[in-house]
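J.: Structure below; questions to follow.
Values quoted throughout were computed directly from the atomic coordinates according to the rules given, and no laboratory measurement underlies them. Quantities reported herein were computed from a predicted structural model and do not represent experimental measurements. In this analysis, Cβ positions are derived from the backbone assuming ideal geometry, glycine residues included, and neighbour counts consider all displayed protein chains.
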Amino acid sequence: MALDFDASAPWKLSDQVSIRDEAFGALAYHHGNRRLVFLKSVELVALVRSLEGFTSADEAIDAVVPVGQHQRYVRALASLVKSEILNGR
């Protein structure tokens, strides 16, 4: 069951997910639900990989994402939570 995304909460890449870098960003494969998700930018890949090092998704977004693009990445992370690529911690 997927959680609702709260950007003020801490998140991490699911232990069941593998990421393979690609020219466009990366492919994220969930070994449990067999879902394949495209991470469509290098910045999104960097954000997803860095989440565990921050106390919240908001903090990670502030550190990694260019100013003016924050809402776009909040929506992207919310989608990854629904796909079970990201878990709360």
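J.: If a residue must be among the hydrophobic types (A, V, I, L, M, F, W, C) and part of a loop (DSSP other than H, G, I, E, B), how many such residues does region 56-71 contain?
T.: 2
J.: Here's another thing I want to ask about it. Applying the selection to region 1-35, what residues are in a loop (DSSP other than H, G, I, E, B) and hydroxyl-bearing (Ser, Thr, Tyr)?
T.: Correct list: SER8, SER14.
J.: When the residues of region 36-55 are narrowed to those that are hydroxyl-bearing (Ser, Thr, Tyr) and outside any helix (DSSP H, G or I), which ends up surrounded by the fewest Cβ atoms within 10 Å (Cβ to Cβ)? Spell out the reasoning first.
T.: Initial filter on region 36-55 (hydroxyl-bearing (Ser, Thr, Tyr)): 41, 50, 55.
From what is left, the residues that are outside any helix (DSSP H, G or I) are 41, 55.
Values: SER41: 17, THR55: 10.
Only one residue fits best here, namely THR55.
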